[in-house]
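Here the structure is laid out as structure tokens; the discussion comes afterwards.
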Amino acid sequence: MRLPFRRKDKKSKDSNDYLGSADVARHQGPLFVFPPTHHSSQLVADLPSRVLQRIFAFVCPHACDESYETCEDSASDAACMLCDLRDLAHCTRVSKSWRRNAVPVMYHSVRIDPVHYCSLEAVLAEKRKKTSRFDCNGIPEDPAQARLRLFRRTVRDDPTRLGKLVEFFKIPYMLRESSHVELAQTIAVLPNLHYVDLPEGMFADESSFGTLRLEIQARCPSIRKTTYRKGSEQSVAALASGRVWTQLEVLELDGIHIDPTTLRHALASLQRLRALKVSNSHSFSDEVLVAEDGLPSLPPLEELVLKETPRLTISGLGDFLSWLETQEALKVLTLQNTGVHPSHLGEILGMATRLKTIVVQATVAEAFPHQNSVQPMASRSLETLRYEIQSASSAGPYSSFESGYYSFLANSILGGNFPRLRQLYVLDDTMPDQLQGLPPPNATFGASRVRSSSYTASGGRPNIPSMRLNADGGPSLSPPSGRARPMSNVNPANRFSSNNPFMSHLPPTHQLEVFTKSNEFGSWNFARVDSVQKLEPPTSPGFARDSSRRPISTYGLGGDIGGMGWEAGEARKSVMVGNGTGAFLAVPGQEEPAPLPPFGAPPGARGSMDSFRPKSSGGDSMRGSRDLWR
């Protein structure tokens, strides 16, 4: 261990407290460190178990991966996971204390990766071709299958000490689809398994996977996530018995056609259920969510994803959201082509008071209803909104019914109804212009709003209500009408005081990121304005991967919440900042310098997650490069 250097008097008797000129020259940068001494080993030997396990978690980050995502979706783009696992295995050979603390970390979340995602794979691939002394171009053995067999032998030889440590087991697609026998023999000695990647045929109750399904149900009662597809209605009905996977937290139903009452009993038996996804199902109707006499209550959900469920209407969803437990628990809601009309979004937001992310995707064939009969959209907790409305093909090529829906959304945002909204995803290229105070095109109710000028919180200078940009891109301070508007005579000190009854209805002043594209399958608009994004150093040794700015699910449903095609570079991104007068201003693109590394990091390490972790024992600079293999 290297300790921080403190300069002392040259007359000090302890030679370890002084570095010579040669040592100081060797350490470049503002941070000086001691070389390792015999005291370093004593300090490491006295470290508590929690500190050692945290250090080992930084050596192999994917060992702390507790996500319910598949092996392909949870792969790290910043490191070679096989090299990380090798480094952690080397740590177990240092001492008995290190082995006692490194083994639980190593076997907590196990991955079977097919190849090394670094330059070492090229060397190993050549060695695998050498099957004998005279055959240097033979057919190599499948490395992923060989690793699965080695792992099976390890846990079956010591199931009481190693098998019970495995809680997450992730396998690549080709391996889990072909090696059914090895997978069943491995899972049989993993009693505490929470998540495992399984072949797709098992989710449809295919006869060839019957043995594997019974093996998992009998040996792994603590499974947290499962999926049922078309053909597995009998397995869904078995959940109502309360004897199969009672600790499920995530349930996906795809194409299930079952009696609504049976489905209600099956969901009610899963009291630990936190995320539910239903897609392509006509059985999921209001009868499943409406609370009636004699029916058990549904568990409070944190994430609810509904796709292609036309029989579900606002009546059933509103009854489900009327329960206090559901209102306090629900954080994510996705409605894609359901029976819930987009005009009822205000009622949903009014009941779901803790909602963080909502996704609304619908195809409309009629204009937006009259404004007076629609409850306005407002939420004090919403942070991400995906509002994708398209006109139906039967409406004709020149119809623009969706313009009224987007105008209603713009009026709700400009009215200050979303104080915590930070990200907006729409299929309307004119949304940034509408948020800047410009009149929306083809809006049936987009009358000019009467806005009085206001003062800033820091000083007494007035803000122009509708800020516009000149031809050169600078702000124009002249009113659109060409004449000055009367100024308010309210004292600036009292306008933002705590006793102001209109404080909750102030215009937006926060930053808003708007992602737009023309339509779901059309051409992309690559015009983009970058925002100032702060990079924070990691605070936990969690699984570090390059996550995007899209809303990500906590229970492995990120693809259904974030959607496809909203990645950076594929859609137009505009950063808007509220000017305090009811409109937004566009922020020009700029970049913020990367933060300084934490104390103790090597000089020159800035902004990179991999810089805070120990390097590979081989010191390979190309480690983490995966473009060649993916």
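Rule-based calculations on the coordinates, nothing more; no lab input. In this text the structure is predicted, and so the values were computed from the model without any measurement. Cβ: placed from backbone, ideal geometry, glycine included. Neighbour counts: every protein chain shown.
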Restricting region 131-211 to chymotrypsin sites (Phe, Trp or Tyr not before Pro) in coil, as DSSP defines it, with at most 14 other Cβ within 10 Å: 134
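Roughly speaking, what is the stretch gain from residue 164 to residue 181, that is 0.36 nm per residue apart minus the C-alpha to C-alpha distance, in nm to one decimal?
Numbers: separation 17, 0.36 × 17 = 6.12 nm, distance 2.03 nm.
Between residue 164 and residue 181, full extension yields 4.1 nm more.
In the structure shown, do any of 356/517; 277/517; 129/170; 277/356; 96/170; 225/277 have a Cα-Cα gap over 20 Å, and if so which?
On the way: 356/517 23 Å; 277/517 26 Å; 129/170 27 Å; 277/356 17 Å; 96/170 28 Å; 225/277 11 Å.
In this structure, 356/517; 277/517; 129/170; 96/170 lie more than 20 Å apart at Cα.
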Cα centroid of region 230-291 to Cα centroid of region 315-347, whole Å: 18 Å
